[in-house]
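These notes are about the structure you will find just below.
Read the figures in this text as sums done on the coordinates, not as results from a lab. Keep in mind that this is a model prediction, so the values were computed, not measured. Cβ placement follows ideal geometry from the backbone for every residue including glycine, while neighbour counts extend to all protein chains displayed.
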Amino acid sequence: MTRYGQRFYRIPPRSTNSELTITLVERGILHDPNDRRFRIHLHSYMKKTIFILLAVSAFISTSHAQDTKPEAEPRFQITDAVITPIEIENPFTDKQSDGRLIFAGQPTEDELRAFAALGGTTVINARTQIEMDRLKFDEAELCKELGLVYAHIPVSSSKLTAAEPFALGLALDENPGPILMHCGSGSRVSTIYGLHLIQSNQMTVDQAMSHALKMGMSTGSVPYFQKALMETPQRTIASVDPARLIDNVHMLTSFGTRHTLSDTESDLRGIGAARRWVHGTFTEVIAGHGKPDEIAPFVTYDAHTVEPDGRRILEQTEIVNVVCTIPGSKPDATNRLYYVLAHLDSRATNANDSTSDAPGANDDASGVAALIELARVLSQESLDATIVLVATSGEEQGLYGAKLHAANLVATGADVRAVLNNDTIGDPTGVGDLDGSEVVRIFSEGLGLDLVNLDDPAQLKAALYKLRSTGSESDSPSRQLARYINFVGKLHGELPVKPKLVFRPDRYLRGGDHTPFNQLGFPAVRFCEVYENYDHQHQDIRVENETQYGDLATFVDAQYLAGVTKLNAAVLVHLANAPSAPTDTRIITADLTNDTTLRWTASPESDVVGYEVLWRETTDADWTKFKDVGNVTEATIELSKDNWLFAVRAYDKVGYRSPAAYPSSAKE
Ligand SMILES: [Zn+2]
């Protein structure tokens, strides 16, 4: 078999005549040289029919001498309506087959008929069945009628795995060209084609990505392309085990009560037994990590003596948090800390009742079980930055464990980049017919007034003035963290539980362990199920009027809890492996202009390869667009800073992206 250049052509789905381009790329095997002339693809568009002569077997090198690559420059004339190939000299004479691929958006019936009439053999469709059901004709039937091979490889970008590009590879191997490859716009099919080129060792990741972009992959699909190649998040998501989670919820409820002031001596009942069990279980699940001593995961107690407060601490009490640390393996990232919190303590109807049964299954054994599962799954991975999992105590008595721990972090200058508080994440049942099984609320504060001394009227006034004048009231670091969780949720279509952002710090009449972290200036959010059942929260166990009260393990749903834990795991992998967000990000307001110039200080990690500018309408809740601006520290976007909100994020070579850095304004 003689190898020549293989040619791929793409008709941009939204192009006008003058914008028509044909991209030629030399790759692979050139088949069926007899069919050397041209394939015609009719592409009708906006009531105008553009006849595109597509194709091409190329013009060919002067002979079919072995491995001679044909000349690279396309030999076409582009006229108003027709792309006409120029006559070719020395056409192929041998009989090797030809692999021509045409990348396109959804073809019409007429276009498919034209494709068949002109010698097309195969159609590969990457649209989902739901999309195909909306189409006015049955593409599979039509292809059958036209004698075309029809391969349907449904692709949803966020659920893309290795399977779809593999299936595409098989379809390409089995069918001679010309092959029409399409999805809705041409983007998805180009994405899986690029992944196929990597899988089949035809191109490096970088080559395949730029090739896929040339074939029609949209820039918005780049994160999906990269995510399909990321093994760590996929593996951690898949490793989370519902059975272990629910076993650990049951185990935690078996201590009777975990009230902060309950028994600490018994090995069977009370907060002491519970925290020793958590310590032991953390230690057990991180075993087998196989890491060198300097980055070995470890478990500690974080103990604080609290004096009576006349409210919920009635005697001197030891508040003991149990901490599992998974050090990062990248020297320039290991000091960055990503926290996950859940509270170990529980309560009965009376907040100061330290002896009655208080199983606290959902509130918050569910969160502690998630911590243990995260310790098990993440300790086996090599992540760039450090993960700290804290089972706090004293939450129900006034957030003591979290407050004291956070204060120590400030005192020691710890570099905490994000805090995920998981409190009440196990029961998706709603009120009446409502179903909350596919979402978890992410609460985040909007006003990041953490760096302002609230007791200093001048500072407070200046901070509020700035927020008010720039419209930055929904762009605190905590809110960027919430948006980041949303980004990861969308990127990973395989996640069974999706984030539902709630733009307030917490629920009415309620608070949580993220609050003291927020107050000390750390980005912190709360994960919480969507519908709460108050018969089960902070209630003595009893049956009244046939209603079961109390926070029992039977109300915790293993699959839902696993879903929320998987979301945490994916977010942590992305946060820990991504570079830091750029710092000193600012919009330049030196002059009145109708575009937007941003400047920032580069992120310090050695694996940063570039930055993206994000933007959204001022009325949008989340970032809607982004642009790759390369490895620079300044970029200008042709949109007015008066009409849009902007931010900047860094990315590394694998495609891990930092949270968004929201800019201040500056003259330079
Ligand atoms: Zn709670």
Legend entry - For Met181, residues with placed amide H under 5 Å, excluding near neighbours: Ile102, Phe103, Ala104, Ile124
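With a cap of 15 neighbouring Cβ atoms within 10 Å, and only residues DSSP puts in a loop, list the chymotrypsin sites (Phe, Trp or Tyr not before Pro) found in segment 484-527.
Numbers: sites: Tyr484, Phe487, Phe503, Tyr508, Phe517, Phe527; in loops: Phe503, Tyr508.
Loop-located and lightly packed - Phe503, Tyr508.
Which order results if Lys291, Lys461, Lys227 are arranged by neighbouring Cβ count within 10 Å, fewest first?
Details: Lys291 16, Lys461 11, Lys227 23.
Arranged by neighbour count, lowest to highest, Lys291, Lys461, Lys227 become Lys461, Lys291, Lys227.
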Inset, instruction - List the aspartates and glutamates whose Cα lies under 18 Å from the Cα of Lys214, skipping any in the same chain that are fewer than 8 positions away. - result: Glu19, Glu26, Glu73, Asp206, Asp628
Inset, instruction - Counting other Cβ atoms within 10 Å, keep those with at most 15, restrict to DSSP loop, and tell me which trypsin sites (Lys or Arg not before Pro) in segment 493-583 are left. - result: Arg507, Arg510
Legend entry - Out-of-range pairs (alpha-carbon distance over 27 Å; input Lys159/Lys330; Lys466/Lys490; Lys227/Lys498; Lys500/Lys625; Lys625/Lys667; Lys159/Lys653): Lys159/Lys330; Lys466/Lys490
Inset, instruction - Taking amide H positions as placed in the peptide plane 1.01 Å from N, state which residues far from Asp652 in sequence (5 or more) or on other chains have amide H under 5 Å from it. - result: Val609
Inset, instruction - Would you grab the residues whose amide H sits under 5 Å from the one on Val502? Only those 5+ places off in sequence or on another chain, please, with H modelled 1.01 Å from N. - result: Ile442, Phe443, Ser444
Legend entry - Eligible lysines near Lys136 by straight Cα distance, threshold 24 Å, same-chain separation 8 or greater: Lys47, Lys48, Lys144
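Counting other C-beta atoms within 10 Å, and keeping those with at most 13, which DSSP coil GluC sites (Glu not before Pro) do you find in segment 485-559?
Answer in residue order: Glu546.
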Inset, instruction - For segment 447-526 and segment 249-326, compute the distance between their C-alpha centroids and round to whole Å. - result: 29
Inset, instruction - First select every other residue whose beta carbon is under 13 angstrom from the beta carbon of Gly436; then total the charges, Lys and Arg +1, Asp and Glu -1. - result: -4
Inset, instruction - Kindly rank 128-138, 619-629, 570-580, 361-371 from highest to lowest mean number of other beta carbons found within 10 Å of each residue. - result: 361-371, 570-580, 619-629, 128-138
